[in-house]
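Step one of this worksheet: look at the structure below.
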Amino acid sequence: MTFLAQRSRLSLVALCVAGALAGCASSGSNKAELTTTSDATAVQRKVDIRMQLAIGYFQQGQYSVALDEVKMALAADPNYADGYGMRGLIYQQMGEIALAEDNFVRARKLAPSNPELDNNYGSFLCQTGRAKEALPLFDAALKNRAYRSPASAANNAGSCALKIKDYASAERYLLQALQLTPDLPATNTNLARVYVEKGDYVRANFFITRLNKVAKMESLTADVLWLAIKVQHKLGDKDAEAGWATQLRRHHAGSAEYAAYQRGAFDE
């Protein structure tokens, strides 16, 4: 999932350049200035500080502490959309599904064109079994030219489409994500899954092979390594199959996937 970015308080105001703009006065009292952090209100500064702390605690997995920080931010500014979005992420991680949805919905009402909120809420819907509702939210995020993380939404949309076996849409989203960030392991893995489902093991192997370049073996989950083994098995490449199997044994010897490999359950 992607995290909410800190709300920026900085904005650029018009600057008078001598001789460039008519009507620009030379006296110091009339010169335009840059708005800086010191110009923010006490409430704005408090909200920003609390949100920075909340994001930090969230990333560390300290969800209760992060929740307290967000609550203080929202107490200072009850209409802060990103605060509700952050609280939705926290509740989602805590397993409080109803509370998470309430906060995501409230955040999007306050900021209906925020692509980060669309992506996060779409991810929430997909992870809670509502993939068809999620895809339009990813589309909205991807259409927003101001969105700074379109690859995240494209990959999330592709993964979500995979869940409902819409392989054509999954391929389209994931190829878009690949163009934006070609070295993202999740994108390459999901494209391999798409082509396995389509029975195109040669193309699946192309993206499996790329994982050697874009991911550390110890970071790959057992299901990804098992996918790689099955692709090599289908292609009849025994050496490559054995290589991936070694990685599965080394990093996930106690997994259900390794047990399946040992009994030769390639088609389960």
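For this structure, a couple of remarks:
- Candidate cross-link partners of K71 among the aspartates and glutamates, defined by an alpha-carbon separation under 19 Å and a same-chain spacing of 8 or more, comprise D48, D82, E96, E101, D102.
- When you work out D = kT/(6 pi eta Rh) for segment 202-268 at 37 °C and 0.692 mPa s, using the Kirkwood radius from C-alpha pairs as Rh and the Stokes-Einstein form, the result is 279 µm²/s.
- Kirkwood Rh, angstrom, the chain [1 / mean 1/r, Cα pairs]: 21.5
- Cα-based shape type of segment 92-174, given that a ≥ b ≥ c are square roots of the gyration tensor eigenvalues and the cut on a/c is 1.5: oblate
- Pairwise label distance in nanometres, V65 with A259, each label 7 Å out on the Cα-Cβ vector: 3.7
- Comparing mean-square fluctuations of Q60, Q247, Q44 from a GNM of the chain with C-alpha springs under 10 Å, the top value falls on Q60.
- Each residue in D77, D82, D239, D183 was given a count of other beta-carbon atoms within 10 angstrom of its own, and listing them fewest first yields D239, D183, D77, D82.
- Approximating the spin labels as points 7 Å out from Cα along Cα→Cβ, the E268-to-L175 distance works out to 3.4 nm.
- Three-way shape label, segment 63-137, alpha-carbon gyration tensor, a/c 1.5: oblate
Each reported figure results from applying straightforward, stated rules to the coordinates on display, with no laboratory input. These numbers were taken from a predicted model, which means no experiment stands behind them. Every residue, glycine among them, receives a Cβ derived from its backbone with ideal geometry; neighbour counts consider all protein chains shown.
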